[in-house]
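Heads up: the structure comes next, in structure tokens.
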Amino acid sequence: MNLKIKRLDHHGIVSGVIEDLKIVSLLDQYLPQDEKQEITPGEAVKGMIMNGLGFANRPLSLSPQFFTNLPLEHLFREGVQASHFNRHKLGRTLDQCFDFGCESLFSLVSGQACELEQVDCTFESLDTTSHSLTGEYAFDDEDSDENIIKITHGHSKAHRPDLKQVVQEIIVSQDGGIPLACKNWDGNSADTAIFKARSKALVDVFKKSTSPKYLVADCKLYHKKNAEFLAQVKFLTLIPSTITLEKSLISSAINTNQWTNIDDNYQYVINEVEHMGIKQRWMVVYSNAANNRAKKSIVRQVERAREGVKKDLFHLQAQRFACQADAQRALDKLTKKMKYHQIAEQQLVEHKVYEGKGRPKKGAPVKCIEWQITAELMESEAVIKQVVEQKSCFVLATNIDKEALSPIALLKHYKAQSEVEKGFRFLKDPLFFVSSLFIKKPSRIDALLMVMTLSLLVYSIAQRRMRANMKKLEATIPNQINQEIPTPTLRWVFQCFEGINLLKYDGEIHLDGFDELRNKIIKLIGGHALNLYKIKKVA
């Protein structure tokens, strides 16, 4: 009997979703083919996606090792072997992706996927992150092309200023966090410049769209250099705290105290304003949770400020001044620097300076009088209260019609900005494409980051589909502590599929380890995954 055993695990889910989204056929349509190729560029990209979503703690260069124990004829097609996914083939495929244009290629795949899955792309969340890389990355003439990203030092969102980096921009739908567009930038690129370029690019896209489209981003979007393009798109953003009008409206809302309640946590006040030449609504939001955080943080700030003021006051009190006015001026100068404190009591002490050295004799003449100032500190409770109240509020701005976006919806869709942050956490998972950014060609790093984002696309589509079907059927599955939950992560589902083996003997294929829970999950995900797992179960 000829028996072959391969590990299937969750890889059938990944392969099935890739087939559902027709990624391989689309890529093969646009990337050049070679008559002698063993696998197509589309299949090579599929292999990289499966490696990334395998969470196998292996770099991309070890893809052949990753595929050794997988049933490739089942997940790909007959004739595909692990050795076909060697670093030379994957490197050439990355070059082909770069030559076509990573941003354009990703948009084609994402657009097709969103159409097939009927993703709601009305609200699009924009954000950036940085990926740290090791190595010197010295550029030669080949890298002088303006389209090749420059790997260099910049503001590190990963808190690794010692490493060079590349900046990645992503737009995701608020419906499931599906990445809609991605672009990689030089490591020292500023968010304001990136957001300006994206706003400019979206002007025509939004105008041509048959359905409403709204751009959601953080405060870096709202900048005077971007006003020209913001006026031409519908946006929702946070107002930077550096803008004077923001502080003024918060103070006004607090003083008038005419809030409208949303729930136990949020209250708001709406203001119609014209700022940077754009007519818009500014919504001042008061958060009880933010108020509690501000009260805790202000205690630490006040204590640090007190230590600094006490030190300055100690040195001031050790000085002697020629006159009372000089002493008072020195204290006033120190008082102006105080933020959370004020002088409670102060006293001027007179010191007589006598002629001669040593202890003065009785009746010795007074040479001059010097003055010493002493003072006691107290906290400025009114100032501290005002700072806490200011920190308890934030201002959201939008030029979207009030009929299309109510105040409650405005807050809801800004909070959904977290979808793009979840995507960044996924891309930075230490088990995801571990050590793969060691590649030395910046153009290949550009393409690899695009492939990583394709992996996020496949993952988020599968998770969105599964959760939507669970909601529709009111289904649940057990979590890590065996409690039934309606919104599991796909990562947990992948862990639930560990230990499924595909057995092939006597010309028949069977599954070992497939049980009732896994059968339920596959039905919830559906698509090609049904064909890959719906096989006779071994008794």
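The values are calculated or read from the model by the stated rules, or taken from the named source; none is laboratory data. Nothing here was measured: the structure is a model prediction, and the numbers come from that model. Note that we place each Cβ from the backbone using ideal geometry, even for glycine, and neighbour counts take in every protein chain shown.
Among the residues that make up region 82-91, is at least one of them within 30 Å of the chain's Cα centre (by Cα) and on the phi > 0 side of the Ramachandran plot?
Taking every residue of region 82-91 in turn, none turns out to be within 30 Å of the chain's Cα centre (by Cα) and on the phi > 0 side of the Ramachandran plot.
Just give me the residues in region 457-478 being in contact (Cβ under 8 Å) with a residue 12 or more places away in the chain and either exposed (fewer than 13 other Cβ atoms within 10 Å of the Cβ) or of a type in the set (K, R) (or both), in sequence order.
Within region 457-478, R464, R465, R467, K471, L473, E474 qualify.
Do any residues in region 192-217 that are more than 12 Å from F229 (Cα to Cα) and without any contact (Cβ under 8 Å) to a residue 12 or more places away in the chain have Cβ atoms under 8 Å from those of residues that are charged (D, E, K, R) and not in a helix (DSSP H, G or I), where the two are at least six apart or on different chains, and which pairs are they?
V205/K213
If we only count helices (runs of 4 or more DSSP H) wholly inside region 161-256, which ones have 3 or more residues that are exposed (fewer than 15 other Cβ atoms within 10 Å of the Cβ)?
Once the helices (runs of 4 or more DSSP H) in region 161-256 are filtered for at least 3 residues that are exposed (fewer than 15 other Cβ atoms within 10 Å of the Cβ), what remains is 191-208, 244-256.
For region 469-521, enumerate the residues that are among the hydroxyl-bearing types (S, T, Y) and more than 30 Å from the chain's Cα centre (by Cα).
Within region 469-521, just Y505 meets the criteria.
Can you confirm whether R281 is in a strand (DSSP E or B), assigned by TED's automatic domain parsing to the domain that holds Q386, of a type in the set (K, R) and touching a strand residue (DSSP E or B) at 6+ places or on another chain (Cβ under 7 Å)?
Taking the combined requirement at face value, the residue satisfies it.
Determine the pairs where a residue that is at negative phi, located within region 349-376, has a partner that is at pLDDT below 85 and basic (K, R) with Cβ atoms under 8 Å apart, the partner being 6 or more residues away or on another chain.
Pairs that qualify, where the first residue is at negative phi and the partner is at pLDDT below 85 and basic (K, R), are V353/K367; Y354/K367; E355/K367.
Looking only at region 267-326, count how many residues are surrounded by 13 or more Cβ atoms within 10 Å (Cβ to Cβ) and among the acidic types (D, E).
Adding up the residues that qualify gives 2.
Suppose we filter K247, K234 for residues that are farther than 16 Å from A409 by Cα and charged (D, E, K, R); which single one remains?
K247
Only one of (1) assigned to a loop (DSSP other than H, G, I, E, B); (2) buried (at least 17 other Cβ atoms within 10 Å of the Cβ); (3) out of contact with any Phe, Trp or Tyr (no Cβ under 7 Å at 6 or more places or on another chain) is not met by L27, so which one is it?
(1)
Go through (1) free of Cβ contacts under 8 Å to residues at least 40 places away in the same chain; (2) surrounded by fewer than 16 Cβ atoms within 10 Å (Cβ to Cβ) one by one and return the number of the condition F426 breaks.
With respect to (1) free of Cβ contacts under 8 Å to residues at least 40 places away in the same chain; (2) surrounded by fewer than 16 Cβ atoms within 10 Å (Cβ to Cβ), F426 is out only on (2).
Among the numbered conditions (1) in a loop (DSSP other than H, G, I, E, B); (2) at pLDDT 95 or above, tell me where V269 comes up short.
Every condition holds for V269 apart from (1).
Among the residues of region 62-88 satisfying the criterion of being part of a helix (DSSP H, G or I) and without any contact (Cβ under 8 Å) to a residue 12 or more places away in the chain, which is nearest to I509 (Cα to Cα)?
E73
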